[in-house]
Amino acid sequence: MQILRKTNLKALAKAHALGQEGVIALIERKGLEGRGGAAFPTGKKWRTCHDTQADERFVVCNADEGEPGTFKDKFIILNNPKTMIEGILIAAYAIGAKRCFIYLRGEYEFLRPKLQRQVKSMLKRAKTDVTIEIVRGAGAYICGESTALLQSLQGNRGTAMSKPPNPTRNGLWGKPTMINNVETLTCAAQAVLFDNWKPEVRLFSLSGNIQNPGVYEFPIGVKMSKVIKAANPKRKLKAVSFGCFGGIMPVDENMAITPETLMMEKCHHGAYSIIFADETNNVVDLSLSIAKFYTYESCGKCTPCREGTVRMLNLLRKIHSGEGSREDLPILCELANHIQETALCGLGQTCGNHVLTSILHFPQDYEAYFSKK
Amino acid sequence: MSERTNLMEGGKDEILLNVLHRAQEKHGYLSESVLKKISSKYSIPIAKLYGVVKFYTMFHTEPQGKNIIEICGSPSCVLNNGISLEQFLKSELKIKIGETTQDKLFSLYKTSCIGCCDEAPAMLLNRKPCTRLTIDSLKATIENLRKEAGEKKE
């Protein structure tokens with residue numbers, strides 16, 4: 001796997017030789033995009049942070065991997081942590097930061113002792129005055145969102161803030177702060193060192209009703225049939241859910257998985273987490289479990305998300321209990337659209353995707369509950 | 001621009017989340033007296049501190065059971081029989097989500113996703129993952145923990 005290639009501090013040495021401008025230009029040229037789900041061009045982020053006037057800058061490695069169905073960052077922290085740490089050091093060098101953080105989600109506490117030792121040994125080997133501190137999250141999904149993460153790091157409630165200002169210009173304690181995902185930083189080190197590094201290769205987290213769940217590497221554009229073959233389902237598959245926020249769609253073996261083809265189905269690739277549901281499931285049940293997730297994890301800051309997620313859940317519960325009717329569907333869609341248009345952050349703006357896509361693609365599953373009446 | 005609220009401890013900048021985690025590990029939970037100490041030590045208003053603590057599900061302001069179980073409620077776990085495990089735990093421990101057993105041996109929580117979707121269904125037991133759970137394996141785990149506690153009492 002490309003993600004497992006080790007850079008052994010050679011990438012950091014090459015970055016030093018290229019200079020700050022050189023390494024940022026290289027990252028831009030290699031076409032690295034953020035792997036946390038938003039796919040923002042990494043080089044552009046680095047450049048903005050570098051170019052913003054400030055006496056102090058920070059790097060944050062976002063290891064708050066909370067999207068249900070996603071476990072690729074855990075895979076990297078377990079299997080190639082040193083390359084990730086090297087990526088942090090390269091990012092720190094590129095923008096001129098001395099203090100770095102790894103925001104590790106509370107649920108990954110069991111990974112922390114070993115990671116702490118590896119950070120210590122890497123800093124010693126790199127002979128650097130840069131510091132890397134592990135910050136322990138405490139069970140809030142929203143803290144994976146950049147503005148909420150910064151609030152959390154600064155000792156506040158982890159609520160989302162409106163953008164701009166973007167953290168790259170005005171982040172931790174008002175200073176330019178670069179927040180990159182675990183996979184992004186690992187790839188950054190590999191992209192700097194290896195000429196044959198491929199930007200289109202992505203980590204896929206596969207789970208659900210399959211016999212071979214796990215982390216796989218596929219290029220963007222891979223055929224769904226190939227992914228399914230690797231996943232090895234026991235029974236016939238019915239639906240795929242892209243994490244919680246990416247939407248639910250029918251299994252189409254012939255589809256090439258790209259951001260554009262998924263967009264056609266009103267879905268979003270996110271961090272390429274695919275949860276498979278087989279034919280024994282009703283998609284409304286899946287949607288209900290996702291609605292519970294959003295109600296639980298909404299930070300409560302903005303009204304559309306705080307109230308809207310509860311209303312969506314209540315309507316889905318009503319349908320699920322057999323008390324719903326066809327008239328509930330347009331209300332659900334209106335609610336979902338309204339929240340997406342007016343919510344403050346990425347969580348709220350995507351929290352209705354599962355409702356909209358499940359109603360679009362699986363009306364028969366809703367019908368099944370209406371006819372139970 | 002946010003005010004710099006870094007904490008100073010032994011000349012080293014500290015992050016509040018790490019301070020709170022350490023305090024909770026030492027005292028079992030973040031009691032009023034523990035929070036008052038942190039509040040005065042770091043000059044953070046107690047109301048603000050309480051607001052921060054209550055935001056995060058992993059911080060507790062009430063005494064907790066000896067063993068903390070966090071059952072995963074992610075779609076991957078739900079698709080793999082997760083709901084029946086949750087129901088089993090509730091009936092076996094005779095508590096609801098968020099409660100602690102009378103013998104103070106178990107506290108039960110539900111979490112959104114613990115990133116063990118490839119080994120679903122899963123839970124965290126005292127922050128360590130237990131994966132590929134079945135009702136039988138859960139039953140055995142609970143029994144062992146009860147037995148351990150009983151032996152210690154004797």
Residues being in contact with an Asp or Glu (Cβ under 6 Å, 6 or more places away or on another chain) and either outside any strand (DSSP E or B) or within 7 Å of chain A (Cβ to nearest Cβ) (or both) - total across the range B:102-111: 1
Residue list for the range A:248-298, restricted to those being small (Gly, Ala, Ser) and either within 14 Å of another protein chain (Cβ to nearest Cβ) or under 30 Å from B:Gly98 (Cα atoms) (or both): A:Gly270, A:Ala271, A:Ser273, A:Ala277, A:Ser287, A:Ser289, A:Ala291, A:Ser298
In the range A:79-93, the residues that are in contact (Cβ under 8 Å) with a residue 60 or more places away in the chain and of a type outside the set (Gly, Ala, Ser): A:Asn79, A:Asn80, A:Lys82, A:Thr83, A:Met84, A:Glu86, A:Ile88, A:Leu89, A:Ile90, A:Tyr93
Of all residues in the range A:128-177, which are assigned to a helix (DSSP H, G or I), under 21 Å from the mean Cα position of the chain (by Cα), within 12 Å of chain B (Cβ to nearest Cβ) and not hydrophobic (A, V, I, L, M, F, W, C)? A:Tyr141, A:Gly144, A:Thr147, A:Gln151, A:Ser152
With the condition being in contact with a helix residue (DSSP H, G or I) (Cβ under 9 Å, 6 or more places away or on another chain), in contact (Cβ under 8 Å) with a residue 60 or more places away in the chain and not assigned by TED's automatic domain parsing to the domain that holds A:Cys244, I'd like the helices (runs of 4 or more DSSP H) fully within the range A:257-373 carrying at least 2 qualifying residues. A:283-297, A:346-350, A:353-361, A:363-370
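Per-residue answers, yes or no, for (1) modelled with pLDDT of 95 or more; (2) crowded, with 21+ Cβ neighbours inside 10 Å; (3) within 14 Å of another protein chain (Cβ to nearest Cβ); (4) farther than 25 Å from B:Ile114 by Cα:
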{"residue": "A:Thr48", "(1), (2), (3), (4)": "yes, no, no, yes"}
{"residue": "A:Asp51", "(1), (2), (3), (4)": "yes, no, no, yes"}
{"residue": "A:Arg57", "(1), (2), (3), (4)": "yes, yes, no, yes"}
{"residue": "A:Val60", "(1), (2), (3), (4)": "yes, yes, yes, no"}
{"residue": "A:Lys74", "(1), (2), (3), (4)": "yes, yes, yes, no"}
{"residue": "A:Leu78", "(1), (2), (3), (4)": "yes, no, yes, no"}
{"residue": "A:Ile90", "(1), (2), (3), (4)": "yes, yes, no, yes"}
{"residue": "A:Ile95", "(1), (2), (3), (4)": "yes, yes, no, yes"}
Please indicate, with yes or no, whether at least one residue in the range A:106-127 is part of a loop (DSSP other than H, G, I, E, B), at pLDDT 95 or above, within 22 Å of B:Tyr56 (Cβ to Cβ) and under 18 Å from the mean Cα position of the chain (by Cα). no
Give the residue, chosen from B:Lys96, B:Lys90, that is farther than 22 Å from B:Glu25 by Cα, more than 11 Å from every other protein chain (Cβ to nearest Cβ) and assigned to a helix (DSSP H, G or I). B:Lys90
The one condition A:Glu367 fails out of (1) buried (at least 19 other Cβ atoms within 10 Å of the Cβ); (2) under 18 Å from A:Asn282 (Cα atoms) is (1)
Test each condition in (1) farther than 25 Å from A:Lys72 by Cβ; (2) modelled with pLDDT of 95 or more; (3) not in a loop (DSSP other than H, G, I, E, B) for B:Glu151 and report the one that comes out false. (2)
Considering only the range A:287-302, I want to know if a residue exists there that is in contact with an Asp or Glu (Cβ under 9 Å, 6 or more places away or on another chain) and either within 22 Å of A:Gly208 (Cα to Cα) or surrounded by fewer than 18 Cβ atoms within 10 Å (Cβ to Cβ) (or both). yes
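The values are calculated or read from the model by the stated rules, or taken from the named source; none is laboratory data. None of these values were measured; they are calculated from a predicted model. Positions of Cβ are backbone-derived with ideal geometry, glycine not excepted, and every protein chain shown enters the neighbour counts.
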